[in-house]
Amino acid sequence: MAMSNRSFSLSKHGNLAYLHATLLSTSNLVEHAFSTRTGGCSTGNLASLNMAFHAGDSAARVLENRRRFFKLFQADYRQIVSAIQVHGTQIAAFGSSHKGAGALPQSAKVRCDALVTTEPGLVLSAYAADCQLLYFCALDRPLVALAHAGKQGALRGFGLKVVQCLEKWYRVRPDRLLAALSPVICRSCYQVGSEDAEAFRQAGWGAISYLEPADSGNYQLDLGAINHDQLLTAGLIDDNIALSGLCTSCNPELFYSYRRDLGKTGRMIGFIAIKTELRGNDIG
(Lines give C-alpha, C1' and ligand atoms only; values in the text may rest on other atoms or scores of the structure.)
Protein backbone atom coordinates (compact mmCIF):
# COMPACT_ATOMS: atom_id res chain seq x y z
CA MET A 1 0.00 0.00 0.00
CA ALA A 2 1.31 3.48 -0.85
CA MET A 3 2.74 5.46 2.03
CA SER A 4 2.50 9.01 0.69
CA ASN A 5 1.11 11.70 2.95
CA ARG A 6 -2.15 11.64 0.98
CA SER A 7 -2.82 7.92 1.32
CA PHE A 8 -4.13 5.53 3.96
CA SER A 9 -2.05 2.84 5.64
CA LEU A 10 -3.07 -0.49 7.15
CA SER A 11 -2.14 -1.35 10.74
CA LYS A 12 -2.47 -4.80 12.29
CA HIS A 13 -2.73 -5.85 15.92
CA GLY A 14 -3.01 -9.62 15.99
CA ASN A 15 -6.03 -10.51 13.84
CA LEU A 16 -7.48 -7.02 14.04
CA ALA A 17 -6.65 -4.55 11.28
CA TYR A 18 -7.62 -0.93 10.66
CA LEU A 19 -6.81 1.93 8.31
CA HIS A 20 -5.69 5.44 9.07
CA ALA A 21 -4.94 8.45 6.90
CA THR A 22 -1.29 9.47 7.04
CA LEU A 23 -2.30 13.10 6.52
CA LEU A 24 -4.39 13.12 9.69
CA SER A 25 -1.96 11.02 11.71
CA THR A 26 1.01 13.28 10.98
CA SER A 27 -1.01 16.39 11.88
CA ASN A 28 -0.86 15.22 15.52
CA LEU A 29 -4.23 16.91 16.02
CA VAL A 30 -6.62 13.97 16.02
CA GLU A 31 -7.03 10.28 16.74
CA HIS A 32 -8.92 8.48 14.00
CA ALA A 33 -9.33 5.17 12.18
CA PHE A 34 -11.49 3.16 9.79
CA SER A 35 -12.09 -0.45 10.80
CA THR A 36 -11.90 -3.52 8.61
CA ARG A 37 -13.93 -6.71 9.02
CA THR A 38 -11.11 -8.68 10.69
CA GLY A 39 -10.44 -9.52 14.32
CA GLY A 40 -13.96 -9.71 15.75
CA CYS A 41 -16.35 -12.30 17.16
CA SER A 42 -19.32 -12.01 14.76
CA THR A 43 -20.16 -15.02 12.60
CA GLY A 44 -21.74 -15.96 9.27
CA ASN A 45 -22.34 -13.11 6.83
CA LEU A 46 -21.26 -10.70 9.55
CA ALA A 47 -17.87 -12.29 10.21
CA SER A 48 -16.05 -10.98 12.01
CA LEU A 49 -15.71 -7.35 13.23
CA ASN A 50 -19.25 -6.09 12.61
CA MET A 51 -19.64 -2.72 14.31
CA ALA A 52 -23.34 -1.95 13.83
CA PHE A 53 -26.38 -3.05 15.81
CA HIS A 54 -28.69 -2.55 12.81
CA ALA A 55 -26.88 -5.19 10.71
CA GLY A 56 -28.76 -7.99 12.50
CA ASP A 57 -26.00 -9.01 14.90
CA SER A 58 -26.42 -9.68 18.60
CA ALA A 59 -25.79 -6.64 20.78
CA ALA A 60 -23.28 -8.62 22.84
CA ARG A 61 -21.14 -9.37 19.80
CA VAL A 62 -21.24 -5.80 18.52
CA LEU A 63 -20.23 -4.47 21.92
CA GLU A 64 -17.36 -6.95 22.17
CA ASN A 65 -16.18 -5.98 18.69
CA ARG A 66 -16.27 -2.32 19.64
CA ARG A 67 -14.45 -3.02 22.90
CA ARG A 68 -11.63 -4.79 21.04
CA PHE A 69 -11.35 -2.06 18.42
CA PHE A 70 -11.45 1.02 20.64
CA LYS A 71 -9.09 -0.55 23.18
CA LEU A 72 -6.36 -0.09 20.55
CA PHE A 73 -6.84 3.66 20.87
CA GLN A 74 -7.32 3.69 24.64
CA ALA A 75 -10.84 4.99 24.10
CA ASP A 76 -13.94 3.87 26.00
CA TYR A 77 -16.33 2.15 23.60
CA ARG A 78 -19.18 2.97 26.02
CA GLN A 79 -18.64 6.71 25.45
CA ILE A 80 -18.54 6.92 21.64
CA VAL A 81 -21.07 9.10 19.84
CA SER A 82 -23.02 8.24 16.71
CA ALA A 83 -26.23 9.29 15.01
CA ILE A 84 -29.10 7.56 13.22
CA GLN A 85 -27.85 7.66 9.62
CA VAL A 86 -30.61 8.39 7.15
CA HIS A 87 -28.70 8.95 3.87
CA GLY A 88 -29.57 12.64 4.08
CA THR A 89 -27.72 15.94 4.41
CA GLN A 90 -28.45 16.93 7.99
CA ILE A 91 -25.49 18.11 10.10
CA ALA A 92 -25.48 18.27 13.91
CA ALA A 93 -23.05 19.51 16.57
CA PHE A 94 -22.22 17.31 19.55
CA GLY A 95 -20.68 18.09 22.93
CA SER A 96 -19.76 16.41 26.19
CA SER A 97 -23.43 15.96 27.15
CA HIS A 98 -23.78 13.56 24.21
CA LYS A 99 -21.16 11.06 25.42
CA GLY A 100 -22.45 7.53 24.92
CA ALA A 101 -25.23 8.51 22.51
CA GLY A 102 -25.15 5.60 20.07
CA ALA A 103 -22.84 3.44 22.15
CA LEU A 104 -25.62 1.06 23.21
CA PRO A 105 -28.63 -0.29 21.26
CA GLN A 106 -31.37 2.33 20.75
CA SER A 107 -29.23 5.04 22.38
CA ALA A 108 -28.62 7.11 19.24
CA LYS A 109 -31.26 9.86 19.09
CA VAL A 110 -30.12 12.44 16.53
CA ARG A 111 -30.99 11.74 12.88
CA CYS A 112 -28.18 13.13 10.72
CA ASP A 113 -25.33 12.07 8.45
CA ALA A 114 -22.61 14.45 9.65
CA LEU A 115 -21.37 15.00 13.19
CA VAL A 116 -19.29 17.97 14.35
CA THR A 117 -17.56 18.70 17.65
CA THR A 118 -15.14 21.12 19.27
CA GLU A 119 -14.97 18.97 22.41
CA PRO A 120 -11.52 17.38 22.95
CA GLY A 121 -11.71 13.63 23.37
CA LEU A 122 -15.29 13.23 22.18
CA VAL A 123 -15.25 10.26 19.79
CA LEU A 124 -17.48 10.84 16.76
CA SER A 125 -18.32 7.66 14.86
CA ALA A 126 -20.18 6.58 11.73
CA TYR A 127 -20.82 3.33 9.85
CA ALA A 128 -20.34 2.24 6.25
CA ALA A 129 -20.42 -0.78 3.94
CA ASP A 130 -19.92 0.83 0.48
CA CYS A 131 -20.77 4.47 1.27
CA GLN A 132 -17.87 6.81 1.96
CA LEU A 133 -16.96 8.46 5.26
CA LEU A 134 -15.51 11.96 5.06
CA TYR A 135 -13.18 12.97 7.90
CA PHE A 136 -12.49 16.65 8.59
CA CYS A 137 -9.97 18.35 10.88
CA ALA A 138 -9.39 22.10 11.30
CA LEU A 139 -5.76 23.18 11.34
CA ASP A 140 -6.10 26.30 13.46
CA ARG A 141 -8.67 25.38 16.11
CA PRO A 142 -10.01 22.31 17.91
CA LEU A 143 -12.70 21.09 15.51
CA VAL A 144 -13.45 17.80 13.76
CA ALA A 145 -16.32 16.44 11.71
CA LEU A 146 -17.31 13.08 10.28
CA ALA A 147 -19.79 12.68 7.42
CA HIS A 148 -21.46 9.68 5.78
CA ALA A 149 -21.85 10.15 2.03
CA GLY A 150 -23.27 7.51 -0.28
CA LYS A 151 -25.32 7.89 -3.45
CA GLN A 152 -27.78 10.36 -1.97
CA GLY A 153 -25.07 12.33 -0.20
CA ALA A 154 -22.97 12.63 -3.32
CA LEU A 155 -25.99 13.57 -5.44
CA ARG A 156 -27.01 16.32 -3.01
CA GLY A 157 -23.52 17.77 -2.59
CA PHE A 158 -23.08 16.71 1.01
CA GLY A 159 -19.31 17.17 1.15
CA LEU A 160 -19.68 20.74 -0.08
CA LYS A 161 -22.49 21.39 2.41
CA VAL A 162 -20.44 20.13 5.35
CA VAL A 163 -17.56 22.46 4.49
CA GLN A 164 -19.94 25.39 4.05
CA CYS A 165 -21.51 24.57 7.40
CA LEU A 166 -18.14 24.53 9.17
CA GLU A 167 -17.34 27.88 7.61
CA LYS A 168 -20.68 29.36 8.64
CA TRP A 169 -20.90 27.92 12.16
CA TYR A 170 -17.25 28.09 13.20
CA ARG A 171 -15.61 30.51 10.74
CA VAL A 172 -13.26 27.77 9.53
CA ARG A 173 -11.67 28.62 6.20
CA PRO A 174 -11.83 25.70 3.75
CA ASP A 175 -8.14 26.05 2.96
CA ARG A 176 -7.44 25.44 6.66
CA LEU A 177 -9.17 22.05 6.66
CA LEU A 178 -7.66 18.60 6.33
CA ALA A 179 -9.90 15.87 4.93
CA ALA A 180 -9.65 12.12 4.45
CA LEU A 181 -11.97 9.95 2.35
CA SER A 182 -12.47 6.37 3.48
CA PRO A 183 -12.66 3.25 1.30
CA VAL A 184 -15.76 3.31 -0.92
CA ILE A 185 -17.26 1.08 -3.59
CA CYS A 186 -15.45 1.79 -6.86
CA ARG A 187 -17.02 2.71 -10.19
CA SER A 188 -16.33 -0.75 -11.65
CA CYS A 189 -18.38 -2.35 -8.86
CA TYR A 190 -21.13 0.24 -8.56
CA GLN A 191 -23.81 0.58 -11.21
CA VAL A 192 -26.97 2.69 -11.17
CA GLY A 193 -29.98 2.80 -13.46
CA SER A 194 -30.86 5.43 -16.03
CA GLU A 195 -33.06 7.42 -13.61
CA ASP A 196 -30.23 7.81 -11.11
CA ALA A 197 -27.80 8.56 -13.92
CA GLU A 198 -30.01 11.38 -15.17
CA ALA A 199 -30.26 12.81 -11.66
CA PHE A 200 -26.46 12.95 -11.44
CA ARG A 201 -26.26 14.56 -14.87
CA GLN A 202 -28.74 17.21 -13.79
CA ALA A 203 -26.65 17.82 -10.66
CA GLY A 204 -23.56 18.45 -12.79
CA TRP A 205 -21.88 15.06 -12.52
CA GLY A 206 -22.45 13.74 -16.04
CA ALA A 207 -18.82 13.83 -17.21
CA ILE A 208 -17.22 10.51 -18.13
CA SER A 209 -14.90 10.82 -15.12
CA TYR A 210 -17.95 10.43 -12.85
CA LEU A 211 -20.57 8.55 -14.87
CA GLU A 212 -19.96 6.04 -17.64
CA PRO A 213 -22.32 3.74 -19.59
CA ALA A 214 -21.94 0.04 -18.75
CA ASP A 215 -22.59 -2.97 -20.98
CA SER A 216 -25.65 -3.87 -18.91
CA GLY A 217 -27.48 -0.70 -19.91
CA ASN A 218 -26.80 0.75 -16.48
CA TYR A 219 -24.13 3.31 -15.61
CA GLN A 220 -20.94 3.07 -13.59
CA LEU A 221 -20.90 5.76 -10.92
CA ASP A 222 -17.75 7.02 -9.19
CA LEU A 223 -18.86 8.14 -5.73
CA GLY A 224 -15.30 8.71 -4.54
CA ALA A 225 -14.45 11.06 -7.40
CA ILE A 226 -17.62 13.07 -6.86
CA ASN A 227 -17.05 13.40 -3.11
CA HIS A 228 -13.43 14.40 -3.69
CA ASP A 229 -14.25 17.03 -6.29
CA GLN A 230 -16.99 18.50 -4.11
CA LEU A 231 -14.33 19.22 -1.49
CA LEU A 232 -12.20 20.96 -4.11
CA THR A 233 -15.24 23.01 -5.15
CA ALA A 234 -15.75 23.90 -1.49
CA GLY A 235 -12.25 25.40 -1.37
CA LEU A 236 -10.10 22.66 0.15
CA ILE A 237 -6.53 22.36 -1.09
CA ASP A 238 -5.97 19.10 -2.97
CA ASP A 239 -2.79 18.39 -1.01
CA ASN A 240 -4.92 18.53 2.15
CA ILE A 241 -7.15 15.65 1.03
CA ALA A 242 -6.19 12.01 1.67
CA LEU A 243 -7.66 9.17 -0.41
CA SER A 244 -7.65 5.51 0.54
CA GLY A 245 -7.78 4.21 -3.04
CA LEU A 246 -9.49 1.05 -1.78
CA CYS A 247 -12.80 -0.42 -2.93
CA THR A 248 -15.05 -2.03 -0.32
CA SER A 249 -16.50 -4.44 -2.89
CA CYS A 250 -13.18 -5.51 -4.46
CA ASN A 251 -11.64 -6.47 -1.12
CA PRO A 252 -13.88 -9.06 0.59
CA GLU A 253 -11.08 -10.12 2.94
CA LEU A 254 -10.92 -6.60 4.38
CA PHE A 255 -14.34 -4.99 4.00
CA TYR A 256 -18.06 -5.56 4.18
CA SER A 257 -19.94 -4.51 1.04
CA TYR A 258 -23.69 -4.00 0.97
CA ARG A 259 -23.82 -4.24 -2.83
CA ARG A 260 -21.49 -7.24 -3.18
CA ASP A 261 -23.14 -9.17 -0.33
CA LEU A 262 -26.72 -8.36 -1.41
CA GLY A 263 -27.52 -6.51 1.81
CA LYS A 264 -26.61 -9.39 4.13
CA THR A 265 -23.46 -7.98 5.62
CA GLY A 266 -21.89 -6.10 8.52
CA ARG A 267 -20.61 -2.55 8.82
CA MET A 268 -17.24 -0.93 9.32
CA ILE A 269 -16.90 1.96 11.73
CA GLY A 270 -14.96 5.17 11.28
CA PHE A 271 -14.15 7.53 14.12
CA ILE A 272 -12.39 10.81 14.75
CA ALA A 273 -11.64 12.73 17.95
CA ILE A 274 -9.66 15.82 18.84
CA LYS A 275 -6.50 14.33 20.28
CA THR A 276 -6.17 16.39 23.45
CA GLU A 277 -7.54 14.44 26.42
CA LEU A 278 -8.50 11.44 24.28
CA ARG A 279 -6.39 9.13 26.40
CA GLY A 280 -8.33 8.93 29.64
CA ASN A 281 -8.33 6.57 32.59
CA ASP A 282 -11.84 5.12 32.22
CA ILE A 283 -10.95 2.51 29.62
CA GLY A 284 -13.10 -0.56 28.99
Inset, instruction - Check ARG61, ARG67 and return the single one that is more than 17 Å from ALA126 (Cα to Cα) and assigned to a helix (DSSP H, G or I). - result: ARG61
Inset, instruction - Please state which of the following conditions ARG171 fails to meet, knowing it meets all the rest: (1) within 27 Å of LEU29 (Cβ to Cβ); (2) within 21 Å of the chain's Cα centre (by Cα); (3) modelled with pLDDT of 95 or more. - result: (2)
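Residue-by-condition table, conditions (1) more than 27 Å from THR26 (Cβ to Cβ); (2) aliphatic (A, V, I, L, M); (3) in contact with a Phe, Trp or Tyr (Cβ under 6 Å, 6 or more places away or on another chain):
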| site | (1), (2), (3) |
| --- | --- |
| PRO105 | yes, no, yes |
| ALA128 | no, yes, no |
| GLN132 | no, no, no |
| ALA149 | no, yes, yes |
Inset, instruction - Please give the helices (runs of 4 or more DSSP H) falling wholly within segment 122-228 in which 2 or more residues are among the charged types (D, E, K, R) and surrounded by fewer than 24 Cβ atoms within 10 Å (Cβ to Cβ). - result: 158-170, 194-202
Inset, instruction - Tally the residues that are free of Cβ contacts under 8 Å to residues at least 60 places away in the same chain, crowded, with 22+ Cβ neighbours inside 10 Å and within 19 Å of TYR258 (Cα to Cα), restricting the search to segment 54-88. - result: 1
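The values are calculated or read from the model by the stated rules, or taken from the named source; none is laboratory data. Nothing here was measured: the structure is a model prediction, and the numbers come from that model. All Cβ positions, glycine included, derive from the backbone under ideal geometry; neighbour counts span all protein chains shown.
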